[in-house]
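Structure first, then comments.
The values are calculated or read from the model by the stated rules, or taken from the named source; none is laboratory data. Given the structure is predicted, the values throughout are model-derived calculations rather than measurements. All Cβ positions, even for glycine, are placed from backbone atoms using ideal geometry, and neighbour counts span all protein chains on display. For the accessible areas, the whole protein counts, side chains as well, though only heavy atoms, and no ligand, DNA or RNA atoms are used. Shrake-Rupley method; radii C 1.70, N 1.55, O 1.52, S 1.80 Å.
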Amino acid sequence: MPETPPVAAGPEQEPEPAAEAFLEAALKVQGPPQPELRDRARRALPETRLRLVKALRADHASPQARRDAVLAELLASGDSVEPWTRDAHAALDTWHERLPPDARPIQTEPAHCYAAGCVSHVTFPDEASFRTAWERASSLSPGAHGAHLQLPPERLASGRVRVPWLVLRPDRS
């Protein structure tokens, strides 16, 4: 998949990090091994995951449109409290805790889980903190069995930057 060039956020801001930068690697993460399924054909991905992946990969007018489309698909998949969501909650908490000190202080909203994945919004005090976290958070493994990714940010009038972090439902749950 060719990379989409970053979109300039404005004359005084640096280019927006491309959401696709880590998408391919994140989508290759599989659920835990299940030896009882070794000789069976792999199941097709659930429809909720396919719709989410299509929203991520679609050609959007802006990074913000991509973020909004993905979040809309996530919400449309419906609330979930299935067993896999416990691991996703823990993974998001771990991800938050592993941010470097120079990306802090941050505010995190409690994770909410849907059939397609779990999301937590992380708010950074300023652009510099966000950029530090964006660069480093992608390499932090939250320990989830599902793929994890950051969506494009929302820049608030206060100068703070709010970013949705997702842990997708594992292929097998």
Filter region 91-150 down to residues that are of a type in the set (A, V, I, L, M), open to solvent by 20 Å² or more (accessible area, probe 1.4 Å) and modelled with pLDDT under 80, then give me how many there are. 2
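For region 104-123, give me each residue that is outside any loop (DSSP other than H, G, I, E, B) and either among the aliphatic types (A, V, I, L, M) or in contact with a Lys or Arg (Cβ under 9 Å, 6 or more places away or on another chain) (or both).
GLN107, CYS113, TYR114, GLY117, CYS118, VAL119, HIS121, VAL122, THR123, listed by residue number.
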